[in-house]
Amino acid sequence: MEHVPPVSAEWRQEAPSPEVQDPPATQPEPPPSANTTVRATRPARSASEVTLGREVLDTAPRKGAVDLLRLVPGLVASRHGGEGKAQQLFLRGFDALHGQDVELNVGGLPVNEVSHIHALGYADMNFIIPEVVRELRVTEGSYRAFQGDFAVAGTVRMELGLEEPGVLLAGTLGQYGQRRVVAAVRPGDDAETFAAVELGEGKGFGPRRTFGRASLLAQAVTTLETGAGALRVRALGGSYTTRFDTPGVVREDDLLAGRSEFYDAPFGRQGGAATRHQLLLGVELPRHGSERMVLEVFGLLTDLRLRNNFTGYRVDARGDGLEQTHDVRTLGARTEYRRLVQAFGKDVALELGLGARRDEATQTQRRYRESDGTFFADEVDASIVQTDVWGYAEAQMPLGRWKLLLGGRADALGVNVFDALAFRDPRFHDGQGYSRSAFGTHLGVKAGLELTLTPLWRLFASYGDGFRSPQARSLSEGERAPFVSVRSAELGARREGERVAAQLSLFGSQVEDDFVFDHTVGTTVFTGETVRTGLSGALQARPLPGVTAALSATVAHARVLETNTLLPYFAPLVARGDVGWTRTLTLVGQPVVLTAGLGLTLIGPRPLPYDEYSSTVFLADALLGARLRNVGLRLEVENALDSRWRDGEFVYGSRFDPQAPASLVPGRHFTAGPPRTASLTLEVHL
């Protein structure tokens, strides 16, 4: 049910179209000719849309999806669950958990999973091979009609491609048993046609942090000449598998009393395994004038087995460990149509979209003994079929220096659930299991005003209705499926240019029936109406030859209206700075390319339950590299200052010592962030 921006495509341009000729401000494109292939990007129609290209991605170490996501202005990506679990995300005052408030997409393939057993909108990005991510397209807020399920705080889409033609071979060795090999090939001039494989493993910087993974991503793009014109065909596929350990959390009082070390893992059976297999087939029909139409179908097979114990022996003397499994089969199709139409003597840029998605999931949750790992209680055994059908329309009309944007989106959701454990109580000895179904719709409005001040500066006022789909197992028979509706507004400005691009926005969001889900103890607390406000700014610049800088900062405030209290866990202050330097020198008659980069992250204290606050986080990552012809060497250092930082902090009741008296008094817990970690990568380009 999560939706993604329809895929942007390439075509043989017959005539420039005002709708598609706005390139990202930091990546100017040459004027198209009759036989030039150009990439269409959806023009920015709000202040906070930003494109982060490969030049920005290369400014600091990017060894995985979490490093890429941290480039998104205001986004915090926490890896407290180890190397194989989906990251916890924070954006614009939202604690998005593992994806419930941020729509994520890779090359047209949705990542968020509906009605997931571990967390709503669960989005595991660990299958990403960072070397083949060409750019990040970020749409913060919910102001565009293409944004669908889970696009509450925003949408992040990764476009794939390999920068250089030929073959890339790379090997990495690092501290704590890091070993990684990447092999990739780009057979021709088209950067979007490639194949890449990654193999990686590590022992981790402390106990229970071992992992191993393998990922394959491949994409082929071709243009077929037909009697009606050029037909563009694209196929994207991949497979991913991982096995990982999870350290769990450390109690703060155990650390202070000397009973635990900072990087300890108190329980030994946590971790899991996951796989993902994916395929997308798309075709862009021959263009006629300003018309553009793309058709896509996609399929996904994903599964997860995860073991966690966050509370020790608080609930049961045998242990509170939970094993969750989630196995999903997803099929979907969508189409996008764009053209210019005449209305009131004006050229109106029109965009229409239709789509459908079906998810069939089986999920279980069982409790296991901490002593030997055997199961002693079944809590969930369910199968779910969830279908979403959607349509949207968006139009922008020029009115002199002004532009008016109007749009809308409709989603219809059907859910069928079979609960195999229902009525297993001995009183109902004559039957077991229960089926139920529900249906609901969500209608959303999108609107905006744009004022062109100068050729470089534009002002924006934006409004949009976003939504989050419900957890299927929470619905009753015949219930109208309740979407969580979000109303968002923004005032902002943006500057576009080759050397300097900037965005500044004042934003606010209101959620009618919000809830906070604490996945550490598996409980949902409904908070009623919540409001989030904030200020966000981002800058991309090339101040000097060979220097690229990307800076961003977001200040947010989130509170519950009824009690006028702060929402827990959201990030009030997030600042990120990435600066890269490249220079070519001639040594012994040979050109040598030198690179250096620095990435800085600042996360202010986050509110925790019971009026507590997390610690401030400041991290510095650095890289140094040199390349002679086809051979390159790169040194990367993460957390270069060796800060002892907490990646996640939580407050809740637990009992880690089974001999200690039971208590529900909440205590502080944390997951340790990685210490200074250095790695060396050798690259060969053939």
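The values are calculated or read from the model by the stated rules, or taken from the named source; none is laboratory data. The structure displayed is predicted, hence computed values, not measured ones. Cβ coordinates were reconstructed from backbone atoms using ideal geometry, including for glycine residues, and neighbour counts include every protein chain displayed. Only protein heavy atoms, including side chains, enter the accessible area calculation; ligands, DNA and RNA are left aside. Shrake-Rupley method; radii C 1.70, N 1.55, O 1.52, S 1.80 Å.
Take every pair of alpha-carbon atoms less than 8 Å apart whose residues are at least six positions apart; their mean separation over the length of the chain yields a relative contact order of 13 percent. Peptide packing: for 547-555, 68-76, the average count of neighbouring Cβ atoms within 10 Å per residue gives the ranking 68-76, 547-555, highest mean first.
When only alpha carbons of the chain are considered, Rg and Dmax amount to 25.0, 88 Å.
Each Lys and Arg contributes +1 and each Asp and Glu -1, all at the Cβ; summed about the Cα centre of the chain, the dipole is approximately 1060 debye. Applying 1/(1 + (r/R0)^6) with r as the Cβ-Cβ distance of Arg329 and Val588 and R0 = 45 angstrom yields a FRET efficiency of 0.20.
Within the shell defined by Cβ-Cβ distances under 12 Å, the residues around Ile384 carry a net charge of -2, with Lys and Arg each +1 and Asp and Glu each -1. Surface composition of the range 640-686: carbon and sulfur make up 60 percent of the accessible area, probe 1.4 Å.
Think of it as helices only: each DSSP H run of n ≥ 4 in the chain is worth -39500 (n - 2.57), and spread over all residues that comes to -500 deg cm²/dmol at 222 nm. Were the residues from Trp581 through Ala317 laid out at 0.36 nm apart, the gain over their Cα-Cα distance would be 89.3 nm. In whole angstrom, the range 157-225 maps to an equivalent ellipsoid with semi-axes of 32, 12, 8, each derived as √(5λ) from the alpha carbon gyration tensor and ordered largest first.
A straight line joining the Cα centroids of the range 258-330 and the range 48-89 runs 17 Å.
The stretch between His557 and Ser435 holds 39.8 nm of extra length on full extension. This uses 0.36 nm per residue minus the Cα-Cα distance.
When only the Cβ of Lys, Arg, Asp and Glu is charged (+1, +1, -1, -1), the dipole of the range 302-382 relative to its Cα centre reaches about 380 debye. The residue list Leu331, Gly604, Leu89 was ranked by how far each Cα lies along the charge dipole of the chain toward its positive end, using unit charges on Cβ atoms, and Gly604 comes out on top.
Three semi-axes describe the equivalent ellipsoid of the range 403-509; taken as square roots of 5 times the Cα gyration tensor eigenvalues and ordered largest first, they are 49, 14, 10 Å.
Here, the range 587-686 has an Rg and a Dmax of 21.8, 75 Å when only alpha carbons are counted. Calculated FRET efficiency, Ala235 and Val389, Cβ-Cβ r, R0 35 Å, to nearest 0.05? Efficiency at R0 = 35 Å is approximately 0.90. Each label point was placed 7 Å from the Cα along the Cα-to-Cβ direction; for Ala220 and Leu459 their separation is 5.2 nm. Once you have a ≥ b ≥ c as the square roots of the Cα gyration tensor eigenvalues for the range 110-232, tell me rounded if a/c is under 1.5, and otherwise prolate or oblate according to whether a/b is larger than b/c. It is oblate, given that a/c is not under 1.5 and a/b is not larger than b/c. Evaluated over the chain, the count of Lys pairs having alpha-carbon atoms less than 30 Å apart is 6 (only pairs 8 or more residues apart or interchain).
Packing order of peptides 449-458, 478-487, highest average first: 478-487, 449-458 (average count of other Cβ atoms within 10 Å over each peptide's residues).
Proximity of backbone amide H atoms, modeled 1.01 Å from N, is registered between Tyr652 and Gly667, His669 at under 5 Å, excluding neighbours fewer than 5 places apart on the same chain. Would you mind calculating the relative contact order of the range 606-653 from Cα pairs under 8 angstrom and at least 6 residues apart, reporting the percent as a whole number? So the answer I get is 40 percent.
Among 156-167, 242-253, 83-94, the peptide with the highest mean count of other Cβ atoms within 10 Å heads the list, and the full ranking is 83-94, 242-253, 156-167.
By definition, a body whose alpha carbon gyration tensor gives a ≥ b ≥ c is prolate when a/c is 1.5 or more and a/b is larger than b/c, and the range 284-392 fits this prolate description.
Couplings 3J(HN,Hα) for the range 301-306, derived from phi with the Karplus relation 6.51 cos²θ - 1.76 cosθ + 1.60 (θ = phi - 60°), are 10, 9, 8, 9, 10, 9 Hz, where x marks Gly and Pro. Note that the chain presents 39 Å² accessible area per residue, ligands and nucleic acids not counted, probe 1.4 Å.
State whether the range 36-97 is rounded, prolate or oblate according to the following rule on the C-alpha gyration tensor (a ≥ b ≥ c being the square roots of its eigenvalues): a/c under 1.5 gives rounded; otherwise a/b larger than b/c gives prolate, and the remaining case gives oblate. Oblate, since a/c reaches 1.5 and b/c is not below a/b. Working note: Karplus 6.51/-1.76/1.60 with θ = phi - 60° gives the range 355-364 the couplings x, 8, 8, 10, 10, 10, 10, 10, 9, 9 Hz, where Gly and Pro are set to x. When only Cα pairs below 8 angstrom with a gap of at least 6 residues are kept, the range 349-504 shows a relative contact order of 17 percent.
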